[in-house]
Each structure stands twice: as structure tokens, then as C-alpha cells.
Amino acid sequence: MRVYPSKMHGSVTIPPSKSVAHRAIIAAALSRGKSEISNIDLSSDIKATIRACEALGCEISIVHGEPYHTVIVNGGIHINDIAKIDCCESGSTMRFLIPIACAISGTKVFSGSGLLPIRPIDAYFEIFEQDGIVYKKPAEANLPLTVQGTLKGGDYVIDGSVSSQYITGLLFALPMLDVDSTITIVNKFESKGYVDITLSVLEQFGIEIVCAKEKFSIRGNQQYKPQNMSVEGDFSQAAFFLTGGCISGDICVRGLSEKSLQPDKAIVDILRRMGGNIEYTTEGLGARKSALRGIEVDVSQCPDIVPPIAVAAALAKGETQITGAARLRIKESDRLESVSTNLNNLGIETSVFSDGITIEGGVFSGGCIDSFNDHRITMAFSMAALCASDIVDISGEDSINKSYPKFFEDYVSVGGKIS
């Protein structure tokens, strides 16, 4: 895709939160009865979760709307003999569904595509060993994974510095067991905000979890209760347009909740610290072109917004140092290297280290961008192209289908130019 320098101006209604949608659909699938989850964007990741729930015995239908949809879930999971669960490229689907499937008897076979088979799930292998669950996988990868046996319940210890998705998966599964359980978090609890979203959704569906400091107490024999809910707008996707507004024009982003629990809401404070002019109004969240400055920022609680932060940093005065981003090395791409390579291709100096990146502010040239088949890289550098001195060519632009299929439609609607 060829992207031309341009100025942004106008309003965009941001897609619904993928993080909330995953959790709401799964909670509905675990309920006995009908739930309606509205304001759903049928990205490839969400489709993967829907198909995974269907593989576990749920009946799911979709009422198509414009621009977003309603997912009707007749819940109640079961495995007749064997469940084949294709997680596609969705890490959330894989890590959420593994313990859920292991809460019921039967043989489970998990598969995936892209880089998903080599993304880590070691915490679950440790639990399998603890609970005597038999599993089989290739020597060089984690998928396909065949699992036989069920969780026993009791006390589990999870390393909080690896991925909060393990905690979410267990929080979904453990209330279904016959016994009470606990989850104790050791080491730094990163991306805690995503667990807060999980707890909020669980509460809406009738599940009680007691949290004291970094220990969760989960009563067994709980029942999920069907609910109707609408998914709020996604700060992860809004981060790109808010960055675009700060570097290029005047943008109003609609559909966001000022009271949201989403960790990526941090983009608002981070851009403000950089000098970004961002304000909530009656119309939405506005971002105006601003004189940005470099800062130091720890993204351990919100690593997914590093690509748009990096684009803002590249146009800021001075140096920006981003730390706490080690987990970005095991996303759809190694995002520290992807960001660095593409910034370098546009004339920006960077230095990558083990858990972060240093970016020296400058001016974007034109050039060629490799998306590395990573949706967030594509979207971030589409925003960078707004301020480039020449045309920017992006390969692998279809990667946006993973999370934001309508991204380029919205991009063009507020002044972006592509061919």
C-alpha cells in the first residue's frame, strides 16, 4: 500500500475493545442460556474466539449490523469426544481457552498459525505437570497441543511478569471446578489492568472472585449467568488516531469511556506527558497537533501501545526511552525490532536493548515499511506516513484484519491518503 503525506482532520468512531469482546464472548459461552453481546468488530482474532467456543459445544450466531455486530451465544460448553480448537493467530484465544477446556473432561487439540505455535505457554505446562494432565506437543513448538485430563483445582502460582493472559484463563476456568482454588502472583505483576477487565466481566456474569493484594481466591461450583452487554470502544486502536492527531492535525475520537479499565487508556497520559494537546469533550476525545518532547516511559502495564508511542517519539524534540517492553519480542513480530527497523527506514535513529528502545526525535523521510505481518506495525507507520517528507510504501497491510479491518476506511475518512 502506498501512503501519502497528508493532514488529519475530523472525527472517527473507534472500534469496540477487542480485549473486552474476547472476555464477554467467553463468559457468555460458559453461561447456560442466551446472551447477546453487541458492538462487536469481527476481526480475525474475535472470529478465532467465536470458533473456539463453538468447538467446545456452544451455539453462536451473528446479527450483522453497520458498522458493528451482535453476537448471540447459547452457552454451555461440553466435549463429546474430541474438541479441535484452532486459535489461528490469536494469543488471547489460545491462552484463555486452554484452562477453560481443561475444566471439562475430554480430549482437546489446540492448533494455530503464523507465529502462534512458538509463542510461550510454559506456565500451563507447569500446571499440567502439577495436576497430572497428559499432553503432547512437537519438540520444536507448542502447537499443535493435545491435552487429556482436567484441572484438579487448589493452589496455583503464576509468574506475573510473563503474561497476564495465564491469570485470565485460570480465572475463567477455576470457578467451574468442584473445589475452591487460589492463584498467587509472584514477581512483578505486569499488565494488571487486563486482569481488572477480566474481573469486571466475570462479575457481570455472576462470578465472584476475592482479590487481596496479589492473591485471588476462587470459590468452586459457581455458575455463569447469561447477560446482555455492549462492548466499549478500544483504547488500543484509539492510540493510533490520538497519535495521528498530535503529530498531524485535529482529530476527535468517539466511542471511548473516560472511566474505562483498559490499560491502553494510558496512551492519553503518555501523550500528554510528551506535550500532546488531548482533552475529553462532549463529542469525544480530541487530539490536536502539538509540539512534542521526549520522555522516559515504562510500558510494562501497556506494552501494546509501544508502536504509536514510538511514532510520536520519533517526531518529538530530544530523546525518548521506552522500557518494560520485553514481552513485545514474542508478539506477532518482535515489535522492538520491527519498530526500530522501520523507524530507521524513515531516517530516525534508534537503539534497541533487552526490554526497550531509545528513539532520537527527528524528521521522517519517505521509504519502505515492512509490517512483519503485524497489525500494530501497519497502523502505527500509516500514522508516521502523515508527516513524512515523501511517499511511504507499506507491505503486508492486510495484517490489520487481525484487530481492525476497517482501519484504512477510517484513516481515509479523516484525511489519510492511500493507493
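The values are calculated or read from the model by the stated rules, or taken from the named source; none is laboratory data. Every value quoted in this text rests on a predicted model; they were computed, and no experiment measured them. Positions of Cβ are generated from backbone atoms using ideal geometry, with glycine treated the same way; all protein chains shown enter the neighbour counts.
Each residue in segment 148-160 was checked for being touching a residue at least 40 places away in the same chain (Cβ under 8 Å), in contact with a helix residue (DSSP H, G or I) (Cβ under 9 Å, 6 or more places away or on another chain) and surrounded by fewer than 23 Cβ atoms within 10 Å (Cβ to Cβ), and 4 pass.
On the given criteria, is residue 37 within 27 Å of residue 167 (Cβ to Cβ), in contact (Cβ under 8 Å) with a residue 12 or more places away in the chain, in contact with a Phe, Trp or Tyr (Cβ under 7 Å, 6 or more places away or on another chain) and not assigned by TED's automatic domain parsing to the domain that holds residue 244?
Details: within 27 Å of residue 167 (Cβ to Cβ): yes; in contact (Cβ under 8 Å) with a residue 12 or more places away in the chain: yes; in contact with a Phe, Trp or Tyr (Cβ under 7 Å, 6 or more places away or on another chain): no; not assigned by TED's automatic domain parsing to the domain that holds residue 244: yes.
Considered against the rule, which asks whether it is within 27 Å of residue 167 (Cβ to Cβ), in contact (Cβ under 8 Å) with a residue 12 or more places away in the chain, in contact with a Phe, Trp or Tyr (Cβ under 7 Å, 6 or more places away or on another chain) and not assigned by TED's automatic domain parsing to the domain that holds residue 244, residue 37 comes out as no.
Does residue 61 meet the test of being over 20 Å from residue 125 (Cβ atoms), hydroxyl-bearing (Ser, Thr, Tyr), assigned to a strand (DSSP E or B) and in contact (Cβ under 8 Å) with a residue 24 or more places away in the chain? When the stated conditions are applied, residue 61 does not pass them.
Have a look at 400, 322, 369, 357 and point out the one that is within 18 Å of the chain's Cα centre (by Cα) and either within 28 Å of residue 272 (Cβ to Cβ) or assigned by TED's automatic domain parsing to the domain that holds residue 119 (or both). Can you show your working first?
Working: 322 fails: within 18 Å of the chain's Cα centre (by Cα); 369 fails: within 18 Å of the chain's Cα centre (by Cα); 357 fails: within 18 Å of the chain's Cα centre (by Cα).
Of 400, 322, 369, 357, the one residue that is within 18 Å of the chain's Cα centre (by Cα) and either within 28 Å of residue 272 (Cβ to Cβ) or assigned by TED's automatic domain parsing to the domain that holds residue 119 (or both) is 400.
Restricting attention to segment 360-419, the residues that are hydroxyl-bearing (Ser, Thr, Tyr), touching a strand residue (DSSP E or B) at 6+ places or on another chain (Cβ under 9 Å) and buried (at least 18 other Cβ atoms within 10 Å of the Cβ) add up to 4.
Apart from one condition, residue 214 fits all of (1) within 22 Å of the chain's Cα centre (by Cα); (2) modelled with pLDDT under 95; (3) within 12 Å of residue 167 (Cβ to Cβ); the exception is (1). From the list 198, 243, the one residue that fits, being among the hydroxyl-bearing types (Ser, Thr, Tyr) and under 30 Å from residue 9 (Cα atoms), is 243.
Test of understanding: among 160, 193, which residue is within 25 Å of residue 119 (Cα to Cα), in the same structural domain as residue 124 (by TED's automatic domain parsing), modelled with pLDDT under 95 and touching a strand residue (DSSP E or B) at 6+ places or on another chain (Cβ under 6 Å)?
Numbers: 193 fails: touching a strand residue (DSSP E or B) at 6+ places or on another chain (Cβ under 6 Å).
Residue meeting the stated conditions: 160.
Conditions (1) out of contact with any helix residue (DSSP H, G or I) (no Cβ under 7 Å at 6 or more places or on another chain); (2) assigned to a loop (DSSP other than H, G, I, E, B); (3) of a type in the set (Ser, Thr, Tyr), marked per residue:
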| position | (1), (2), (3) |
| --- | --- |
| 3 | no, no, no |
| 22 | no, no, no |
| 35 | no, no, yes |
| 78 | yes, yes, no |
| 88 | no, yes, no |
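Look at segment 348-368 and say how many of its residues are farther than 14 Å from residue 312 by Cα and of a type outside the set (D, E, K, R). The number of residues fulfilling the criteria is 9.
Residues are listed down the side, and each one gets a yes or a no for (1) touching a Gly at 6+ places or on another chain (Cβ under 9 Å); (2) part of a helix (DSSP H, G or I); (3) among the aromatic types (Phe, Trp, Tyr); (4) at pLDDT below 95:
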position	(1), (2), (3), (4)
321	yes, no, no, no
327	no, yes, no, yes
332	yes, no, no, yes
338	no, yes, no, no
341	no, yes, no, no
348	yes, no, no, no
351	no, no, no, no
357	no, no, no, no
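Any idea which of 183, 251, 270 is surrounded by 15 or more Cβ atoms within 10 Å (Cβ to Cβ) and outside the structural domain of residue 387 (by TED's automatic domain parsing)?
Numbers: 251 fails: outside the structural domain of residue 387 (by TED's automatic domain parsing); 270 fails: outside the structural domain of residue 387 (by TED's automatic domain parsing).
On inspection, the qualifying residue turns out to be 183.
Counting only residues that are touching a residue at least 60 places away in the same chain (Cβ under 8 Å), under 15 Å from the mean Cα position of the chain (by Cα) and farther than 13 Å from residue 122 by Cβ, segment 161-171 holds 2 of them.
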